[in-house]
Structure formats: structure tokens, C-alpha cells
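What follows is calculated from the coordinates using simple rules that are stated; it is not laboratory data. If you're wondering where the values come from, they're calculated on a predicted model, not measured in any experiment. For neighbour counting, all protein chains shown are included, and Cβ atoms are generated from backbone atoms with ideal geometry for every residue, glycine included.
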Amino acid sequence: MHQPDTTPRHSIYYDYRVYPFSRPPEMDGHSLNHQVVIVGAGPIGMMTALNLAQHGIPSVVLEADNQVSHGSRAIVFTRRSMEILQQVGVTARILEKALPWSRGNSFYRGQCVFRMEAPDTPDSRFRPMYNLQQQYLEEYILDQVMHSELIEMRWASKVMAVEQDDNSVHLTVDTPEGEYRLTSDWLVAADGARSFVRSALNQRMEGASYSGQFVIADIRIDLDFPTERRAYFDPEWNPGNTVLMHREPDNIWRIDYQLPQGETPEQALSEASLHQRINAQLKMVGIDAPWELDWCSVYSARTLTLPDYRVGRVVFTGDAAHILPIFGVRGANTGLQDCQNLAWKLALHIKGVAGLDLVDSYSSERVQAAREIIDEAGKSTRFMAPPSKGYRLLRDATLSLSLQKDFVGPLFHWRTSRAHNYPDSSLNTAADNAVFASGPANGMPLENIQLSENNYLFDHLDNAFNLLLFNLTPVQLDQMQTLQANLRAEEIPINLLHVTSRPAEQAEPSVTQLVDISGHMRSAYGAGSGSVYLARPDHHVAARWLSLDVAAVKQAIDNILNKA
Amino acid sequence: MNSNLRPQELESVYDALAESLDQAGEQDRLYLVKVALCLANLTGDADAVLNSFRECLEDL
């Protein structure tokens, strides 16, 4: 029987709560057929459930453990992730706790040799990056999950076997009260880097593993440094290696350093070794203050992805689908983009309004994104932890040059997780895409716009096809409402947003009116009167027209749903 | 445009590089890589640089 430890995990700043196992109906002889079962209650699994629930799709979430994440793990969330989290309503609590930042510093021989500044804009509700421990993020998402009647959390439920046929996936689940069988139309594997579902289905990942190993240690200490990322190259106490420092809420600092060649994780995590190295790092940055360890772990840099994220009726997402180096905050931030891409497609397929091709476009778009990330992350990893003599020489030469030559700055590879674009997606319709002078092109996520104080475009987007309509005539608006009614009758979710410089006194009830008297949004989107953007439920643009053609809009939606 | 060095200039480069390498001592490899990166940046011609990298791998 699966008996996870029921003692709350130890932490010097986070109060863990143990969630009880509750006996599912299947153990009392009830045979239920679920539409979606999600394995893994990490951020990606729970976000998938919330996103599906917004489309009215119920799900069961199985989690082998009975508490949120052990240790801080993913601590940096990008603006794009915040937009994804906003869609399911969990950003308010994140903003109360998380630390926003936009700058990174690279130090070498006591000098700041490169300073990265992530672009910020008043048009975004969110700053470029936020630091927050994963436990908090999971807690906030979980709170939202608990409020949903469509999501059933099953704690202390460990998947022991996975089988599938043409119509269903069958799971054997072990619990504190014994095993039971569970059947579902679809299974979403969000069970992390060591995914059991992935090995049970014999799925092999492709890519490379780097030899370097790294310690992550979270300490509580009073430090005066601003919330900026700090990278120390070739420090005297750890020659040739790299040390990273990051501020987290609750006065916690993440210290991340590479292990000397040949050292085992056990040796590296020994109390004596941790104390000696953390003290050496603090001494190097001129700090002599008491500190206390919260959590530590060892990781290795790997760049791996499954070649296909759908295997029959099982769909992989997050770290279960790919393993990416943490340099560049590419783990959870990539997973959040995955599950946002997946949920609406799976939901519309389950509802019978879209073909299987739509679900497969999740795989093609996100495998492509993972390959781009692997390429970018590989560059960061090769700089942080050079894998060969040649790479080490080039890295050392770059560090040496950086003391005097600015041109080597970009070689520090500060690139971080970004919103991925799908310019070649089969879901796109060319229409007038190429002739727009500005604005997000096909495949790109919509760009947020500040409409007025504390009022942004993304606040008005639904988990639906969002149609941005610029200064339509009353007749055109009427035509679009007819289209909306027809599509809604087919259970296709449509949100009409009328961006207007002449706000109507009495707005149409089924249309969200966005007032743009200054024309700021019109100009950012390269739009004239009658222009239209069609964005998918995950905010990515699928088509845009300089002037409205209702039949063409309908056709572009049909193309996405594979009904053309 | 022929941007090759004149023989006299090439000779000066030859001598200066030799002496700089001696001066770099045990760090001569690191020194050469710094020089290569600086010169690559100065040319502003990535194709020509990559071509030189390929050519110089021959006959080692």
C-alpha cells in the first residue's frame, strides 16, 4: 500500500499542510468513466485542470504525495507565465508575495562585466520576472482548484500501471487503503521529470545531458542586495565554475553552484561542504551575517524532449514531456505555456467541436517550442558549465575580454524563457497577416495594452476565441454578434472585444467595449477601422484582417477546429 | 576590395604575435582565443571568419 509520510515537511519559512487521502468511489465498487485524468498535482497538472474547467471539462487529479512541493524548486516566473496564471485567476495572491525584477548582473574578478535589463513596458500589468517559491505558487493554484466543482483532487494516489486501448486509458492506482482501477477517456501526464507514465509507456526522450552537476541551496539571511539575478563567474573559491544568487520572498536567498569534477551529490550536500562553500560565497560578496539553511538539492543540466507529446490517449506536458536546464528559467515557465496550449484543444476535442488534429497541433507546436528552448538553453549551459576543452577556452576568453570589451556581452547568454511563437502552425490563416505594419503577427501571443489606469487588454480576454474588432460600424458589429451567436450554439466559445475610439453609451451586452480614444491600441496593433485580430483561447494570434470579412473569420475558426 | 595586408604589415603582425605569445606564457592558448574573438568582431564578416576557422583546421 502506498503510504506517503503524513508529517508536514520541514521548512524554516513555509508551513506545510498535509492533505488527507479520501476514499474514491471506485474503491467502493462504483465504476466511473472520467473524461480526463491528470497525473501530478504540480503547477502544470493543476493549471491544466483549471484551464479545462474553464471550458466545462471535469478532471480528476492524482497526486502520489500529500503536500505541495518539497523546497522552493522553480522560483522565477516570467511575464508570460503571469499572463497565463491571470487567465485562471491566481495572480492576485502571487503579486502580494512575489518579488518583481528585471535586471541581471554578471560578475568576474570583482567587477560587474555585463548587466542585463529585461525590457519593461507600461503596457503590461506584469513586470518581466517574479521570484516566488514553488510551494507558494502551488498553494495559490491549489486554492483555486479547491474552489472548482469540476476538479477532484486525489492525494496520496500513486499510479502503478497505465494501459490504453482505442477508447480509454486504464490506470491502477495505489493508495493508503489499497489499489483500485480507474478509467478515463484521456490521460494528461504532468508527473514531472521522472514521469512514471512516460516510462510505463516506454517513451524515450531525445537530446543531450551535460556532465556538470549543481547544488541549489536556499538560506535565510539578511542581505541588502536588490532583487536582481547575480551570476559570479570563476570565483576564487570555486575556480572555473559559476555561482548564481537570487532573492526569494521571506528573506530567503537561492545559492546555486557547480560541483567540482568527480564530487558526488552526497559529498556536496554534506553539512560541512555546504557550510564551507556558502560561507566562501558570502565572504566573496562581502557578507558576514548569520544564515540558516532551509532546503538543498543537486541537479544536472539536461536538454531532452519526447518527439511527440501525444501517445494514443495519453498527452504529456511540462517536465514529463521535456527536461530543460534551469538556466534561463525554462522549466515551469515552459510547462505553463504547454498546459495553456493543451487545455483548450483537448477541451474542444472532448466537446466534439474539434477533430483530433487540434490535439495533435499541441504536440507539433510545443515540441517545436521545446526544440527551440533546447537550442537556446544549450547555449546558456555551455557558457555556465563548458562541456569540453574548446568551450571552456572560449568561455574563459570571453570572461577575460569582458573586463574591457563590451562586444562580448551577448555571449553571457542571459536570454530567458520567452513566449514562443507558432508562425508555421497549421492553425494559422494567412489572410492579411503579412501586410500589417505592426502588432502581433500570426502565431505570436497578443500584446498587452494599458487601456486606462489599472485596466489592461488581458483583463478582458476570455478562455475563448478572442476577436479584437477595431472601430466597427454598427452594421459590422451586428454581423459579428450573429456569428458569435451561431458559434456559441455549436459550443464554440467566442469573446468579442470592440476596440473603439467612439464608445457607445449603451454597450452591446455580448460585446466587451475597450475604449481607445487616444488610438494607442489601434496603433500598437497596426489596425484601422474594421480591422480584426483572431486570437486563440491561449492568446496566440491565428489570423488578422485589415478590414472585416465575416465569412473569412468564420473560415479561419473552422480551420482551427479542423472543420474547413 | 582587396583588404589583405601588405607584406611589410604582415611581417610586423607575424613578429608581434610571436612576441605576444611568448609574453602570454602558459596562457598562450587563452590569449589566442581572445585575439581570434576580437579579430572576428573587427571584420564584421561572420562567413569569412567561419571560413578561416575551417581552413586553419587543415594540415595541422
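Using the alpha-carbon centroid of each, what span in Å lies between the stretch A:111-167 and the stretch B:1-26? Using only Cα atoms, the two centres lie 56 Å from each other.
Length available on full extension from A:Ser199 to A:Ser547: 0.36 nm per residue minus the Cα-Cα distance, which gives 120.2 nm.
Note on the protein assembly as shown: with charges restricted to the Cβ of Lys and Arg (+1) and Asp and Glu (-1), its dipole about the Cα centre is near 300 debye. Whole-Hz Karplus values for the stretch A:425-431 come out as 5, 5, 7, 7, 10, 4, 6 Hz, taken residue by residue from phi with 6.51 cos²θ - 1.76 cosθ + 1.60 and θ = phi - 60°; glycine and proline positions read x.
The angle between the Cα long axis of helix A:271-284 and the main principal axis of chain A comes to about 80°, on a 0 to 90 degree scale. In terms of its alpha-carbon gyration tensor, the protein assembly as shown comes out oblate; a/c meets the 1.5 threshold, while b/c is at least as large as a/b. For the stretch A:509-564, applying the loop criterion from DSSP together with a ceiling of 15 other beta carbons within 10 Å to the trypsin sites (Lys or Arg not before Pro) yields A:Lys563.
Panel order for A:Arg415, B:Arg54, by other beta carbons found within 10 Å of each beta carbon, from fewest to most: B:Arg54, A:Arg415. Summary of the geometry: the stretch A:462-512 and the stretch A:183-261, compared by the centres of their Cα atoms, lie 45 Å apart. Taking the 0 to 90 degree range and rounding to the nearest ten, how far is the long axis of helix A:43-54 tilted relative to the main principal axis of chain A, both from C-alpha atoms? Tilt relative to chain A: about 10 degrees. With neighbours defined as other Cβ atoms within 10 Å of a residue's Cβ, the residues A:Lys389, B:Lys34 order from fewest to most as A:Lys389, B:Lys34.
Helical runs assigned H by DSSP (4 residues or longer) give chain A a calculated mean residue ellipticity at 222 nm of -8500 deg cm²/dmol, each run adding -39500 (n - 2.57) before division by the residue total. Of the trypsin sites (Lys or Arg not before Pro) in the stretch A:1-78, the ones in a loop by DSSP (not H, G, I, E or B) with at most 14 other beta carbons within 10 Å are A:Arg17. The alpha-carbon of A:Lys379 sits under 16 angstrom from the alpha-carbons of these aspartates and glutamates, leaving out residues fewer than 8 places away in its chain: A:Asp396. Placing unit charges on each Cβ (+1 for Lys and Arg, -1 for Asp and Glu) gives the stretch A:368-513 a dipole about its Cα centre, and among A:Val475, A:Leu496, A:Phe407 the Cα reaching farthest toward its positive end belongs to A:Phe407. Per residue of B:23-35, other chain Cβ atoms within 10 Å of the residue Cβ number 3 on average. Using +1 on the beta carbon of Lys and Arg, -1 on that of Asp and Glu, and nothing else charged, what's the dipole of chain B about the Cα centre, debye to 20? The calculation lands at about 220 debye. Note on A:Met153, A:Met284: ascending count of other Cβ atoms within 10 Å places them as A:Met284, A:Met153, the fewest first. Select from A:Tyr130, A:Leu304, A:Gly331 the residue farthest towards the positive end of the dipole of the protein assembly as shown; place +1 on Cβ of Lys and Arg, -1 on Cβ of Asp and Glu, and compute about the Cα centre. The listed residue farthest towards the positive side: A:Tyr130.
Coupling constants for the stretch A:161-176 follow from the phi torsions by the Karplus curve (6.51 cos²θ - 1.76 cosθ + 1.60, θ = phi - 60°), and in residue order they are 8, 10, 9, 9, 10, 4, 10, 8, 10, 10, 10, 9, 10, 9, 9, x Hz; glycine and proline get x. When the Cα positions of B:Ser20, A:Leu187, A:Pro249 are compared along the charge dipole of the protein assembly as shown, B:Ser20 comes out farthest toward the positive end, with charges on each C-beta of Lys, Arg, Asp and Glu.
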